[in-house]
Amino acid sequence: MPSRRKLLALGVFAIGVPAALAQQMTRTEVHSDPDTDFSAIKTYGWKDAVSPAKKQDVHMSIIWYVERGLEKKGLKKIQDDDPAVPDVFVRYYAKSKSSIEGNPVSSRDILPGGPENLTTSFDFHKAAAGTLIVEIQRAEDNSALWRAGSSVSIDSKRVDAEVSRALEILFRTYPAK
């Protein structure tokens, strides 16, 4: 039979894990036209991004994951050279911001036979945050039918994974209920 301490530790761990995951979750905001029948939308084409990603590899990553997300939702891409007019146009907005963050670190030195010395220093590191918005517009009049945005913190070593995760979360909200 587990002791009370083990049960308490397990309970604290079970509460702490979801809290830690919630802090890492991507914030999303979704707007959609309530009068749109999203089941009638079958094809899409690309519109130029208003605020494209600054790095070409990030731009291509966003395009790739948006196209995979739309394919999973049953939409087919109309190529630029195809004379057919798509049902909707898709475009994205990307913005990133770099900053420097610092975390205080305290240390306590005790000299033998002497006074206690308490020091505080800061551990500085570069931090990046980004906003990614995907918008779907009606082809005939360019009115916005669905728009979803996400704000995420970005690890420069994991940009592709961060883009993938953010778009996966955004496309969970499509089509609008």
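The values are calculated or read from the model by the stated rules, or taken from the named source; none is laboratory data. It should be emphasised that the depicted structure is a prediction, and the values quoted were computed from it without experimental measurement. A quick note on method: Cβ atoms are made from the backbone with ideal geometry, for glycine too, and the neighbour counts reach across all protein chains shown. With ligands, DNA and RNA removed, areas are computed over all heavy atoms of the protein, side chains included. Shrake-Rupley method; radii C 1.70, N 1.55, O 1.52, S 1.80 Å.
How much net charge surrounds residue 33 when only the other residues with a Cβ under 15 Å from the Cβ of residue 33 are counted, with Lys and Arg +1 and Asp and Glu -1?
Net charge in that neighbourhood comes out at -3.
Rounded to the nearest whole Å², what accessible area per residue is found for region 33-108 with the 1.4 Å probe?
Each residue of region 33-108 exposes 68 Å² on average to a 1.4 Å probe.
Would you list, by chain and number, the lysines whose Cα falls below 28 Å from the Cα of residue 97, excluding same-chain residues fewer than 8 positions away?
Result set, ordered by chain and number: 47, 54, 55, 126, 157.
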